[in-house]
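Some notes on the structure that comes next.
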Amino acid sequence: MANTELQKQLHSKKDDLLELVNSALSAAGLDVDLASISFRAIKRSPVCPPGQVPVWEGVEHNGTVTYQWVCKQQ
């Protein structure tokens, strides 16, 4: 798949996800409307110290959760 085709597909799926999130918020009775969703692509996992492995998991930051690579004990 050409790079521009992939970008179009990802943008389309991002819009679909935004619509689903807003629908879920509305269905839950929350008066919130998200205007955008931002993704940051990381091609490689981090290099971890010996005895640890990279794990993709949610990490809480001031009440919000972001998914990122973290090093964990094996």
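Please give the calculated 222 nm ellipticity per residue for the chain, where each DSSP H segment of at least 4 residues contributes -39500 (n - 2.57) and the sum is spread over every residue; nearest 500 deg cm²/dmol? Please list the in-between numbers first.
Details: 1 runs with 25 residues, N = 74.
When only DSSP H runs of four or more count, the value is -12000 deg cm²/dmol.
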| Degrees separating the helix 3-27 axis from the principal Cα axis of the chain, which is the longest one | 70 degrees
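Taking 0.36 nm per residue of sequence separation and subtracting the Cα-Cα distance, how much length would be gained by fully extending the chain between Gln7 and Leu30, in nm to one decimal?
Values: separation 23, 0.36 × 23 = 8.28 nm, distance 3.14 nm.
Stretched fully, the Gln7-Leu30 segment lengthens by 5.1 nm.
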| request: Report the one residue of Ala35, Leu20, Gln73 whose Cα lies farthest in the direction of the positive end of the charge dipole of the chain (charges on C-beta: Lys and Arg +1, Asp and Glu -1; origin at the Cα centre). | output: Gln73
| Rg/Rg_globular for the chain, with Rg_globular taken as 2.2 N^0.38 Å and Rg from C-alpha atoms | 1.48
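Bear in mind these aren't lab numbers, they're just calculated from the coordinates by the rules spelled out. All values reported here derive from a predicted model rather than from experimental measurement. Cβ coordinates were reconstructed from backbone atoms using ideal geometry, including for glycine residues, and neighbour counts include every protein chain displayed.
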